[in-house]
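Read the structure below first, then the notes.
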């Protein structure tokens, strides 16, 4: 039974791992910015870049879904 759904399980596992990595990166960035007293504009730029990275993976997933179906 697992052989039948191997690709789906692999895709779901990869997506969960990527979400976990982005959450971990967000936590680490938040902690570093907080400890180093970074001004607001610096925080905004760093979070915007982190958001763009995550949005790229989301966009990639949407495009894969659209192309496959």
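A short reminder: the numbers here are calculations on the coordinates, not readings from a lab. The structure presented is a predicted model; accordingly, all values stated were derived computationally and were not measured. Every residue, glycine among them, receives a Cβ derived from its backbone with ideal geometry; neighbour counts consider all protein chains shown.
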Could you work out how far helix 40-68 tilts from the main Cα principal axis of the chain, as a 0 to 90 degree angle to the nearest 10? 10 degrees
At 7 Å along the Cα-to-beta-carbon direction for both residue 66 and residue 7, put a label point, then send me their distance in nm to one decimal. 2.1 nm
Overall dimensions of the stretch 6-68 as given by Cα atoms, namely Rg and Dmax in Å: 15.0, 47
If one takes the longest principal axis of the Cα atoms in the chain, at what angle in degrees, from 0 to 90 and to the nearest 10, does the Cα axis of helix 6-35 lie? 0 degrees
Per-residue [θ]222 nm for the chain (sum of -39500 (n - 2.57) over DSSP H runs n ≥ 4, rounded to 500): -31000 deg cm²/dmol
